[in-house]
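Heads up, the thing below is written out as structure tokens.
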Amino acid sequence: MVLRKIVLIDEEKCNGCGQCVPNCHEGALQIIDGKARLISDIFCDGLGVCIGHCPLDAITISEQDVEPYDERKVMELNIVPKGVNVIRAHMEHLRDHDAKEYLDEAVDYLRDNGIYNPLSDVCGSKSMNVHCNCPESNERVFEAVSSGDESGKRASQLMQWPLQLHLVSVSAPYFKGKDVLLAADCTAYALGDFHKDYLCGRSLAIACPKLDSGQDVYLGKLVALIDDAKIKSLSVIIMEVPCCSGLFYLVLSAVQESVRKIDVRLIVVGVQGDIISDEIVK
């Protein structure tokens, strides 16, 4: 189970004004058939900025223990009952976020249950993998950008958004089976070559063990990354100051609680940007 903040919409109160939609940075809220709909639970960060823009108090946030993300259950319980337009919006959102595996599971669910696939008239049954002429379906692989020399502008190695550990979804495709870097907030400011030496090729989550609240949520998310997302590796980068070690101990607790066992790489950074230590902790 994972502790998550879930967006709940009271459809009787919602009048479809749309004031909530621009404030959802993940694009997970849309107005469909005259009501606000959460079309993509996996990309909802639960931050709740949409709440302050609902004049009818139709949107609330509930903190719940939930099972790991299951696309077929989401289709069955949350998407299909709301009609074809919500199905289409959900699948287009998965497609546009390159969530190929989840989209294929959604397509399979519709096929297995004899439900019309609203994307099939455009791109066929496997909406991400079919060879058709619509540009949205084309698979894209990005080459790593050369960092160049010190006289030029160094390229960012960031591969996803959001970054803050409270906001990321452990079910997001950018974590599944990936190498992950968990960075204390200050490390990116201390290290001149943070992107080139540590972020390159890794998905990122950031946290502050001293100032962040809700660290029990962090523990649950880290366990879920190991067991459910099946991350390939976990590197933890912290500052040398004593309070920063709390992030590493949180990771050790997660490793102890998880079923899968992975090695953890610990990098400790000095306040002047030097590397104090870099080791694998078993």
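Residues that are outside any loop (DSSP other than H, G, I, E, B), modelled with pLDDT of 90 or more and within 18 Å of residue 189 (Cα to Cα) within segment 222-243 comprise 235, 236, 237, 238, 239, listed in sequence order. Considering 14, 50, the condition of being outside the structural domain of residue 254 (by TED's automatic domain parsing) and crowded, with 21+ Cβ neighbours inside 10 Å is satisfied by 50 alone. Being within 22 Å of residue 195 (Cβ to Cβ) and either in a strand (DSSP E or B) or among the acidic types (Asp, Glu) (or both) is the filter here; which residues of segment 244-278 pass it? The answer is 264, 265, 266, 267, 268, 269, 274, 275, 276, 277, 278.
When residue 94 is tested against the conditions (1) in a helix (DSSP H, G or I); (2) farther than 30 Å from residue 164 by Cβ, the lone failure is (2).
Close Cβ contacts (under 8 Å, 6 or more residues apart or on different chains) running from residues in segment 252-275 that are more than 18 Å from residue 229 (Cα to Cα) to residues that are assigned to a loop (DSSP other than H, G, I, E, B) comprise 268/240; 269/191; 269/240; 270/240; 271/240; 271/241; 273/191; 273/192.
Applying the condition of being at pLDDT 90 or above and surrounded by fewer than 16 Cβ atoms within 10 Å (Cβ to Cβ) to segment 132-158 and asking which residue is nearest to residue 264 (Cα to Cα) yields 158.
Just one of (1) under 17 Å from residue 208 (Cβ atoms); (2) aliphatic (A, V, I, L, M); (3) within 20 Å of the chain's Cα centre (by Cα) fails for residue 241. It is (3).
Taking only segment 230-247 into account, find how many residues are closer than 21 Å to residue 216 by Cα and either touching a residue at least 24 places away in the same chain (Cβ under 8 Å) or touching a Lys or Arg at 6+ places or on another chain (Cβ under 6 Å) (or both). Qualifying residue count, segment 230-247: 12. Filtering segment 199-221 down to residues that are in contact (Cβ under 8 Å) with a residue 40 or more places away in the chain and in a helix (DSSP H, G or I), which residue is surrounded by the fewest Cβ atoms within 10 Å (Cβ to Cβ)? Looking at residues that are in contact (Cβ under 8 Å) with a residue 40 or more places away in the chain and in a helix (DSSP H, G or I), I get 216. Out of 268, 251, 264, 259, which single residue is out of contact with any helix residue (DSSP H, G or I) (no Cβ under 7 Å at 6 or more places or on another chain) and hydrophobic (A, V, I, L, M, F, W, C)? Testing whether each residue is out of contact with any helix residue (DSSP H, G or I) (no Cβ under 7 Å at 6 or more places or on another chain) and hydrophobic (A, V, I, L, M, F, W, C) leaves just 268.
The values are calculated or read from the model by the stated rules, or taken from the named source; none is laboratory data. As the structure is a prediction and not an experimental result, all values here were calculated from the model. When we count neighbours, we look across all protein chains shown, and the Cβ atoms used for this are built from the backbone with ideal geometry, even at glycine.
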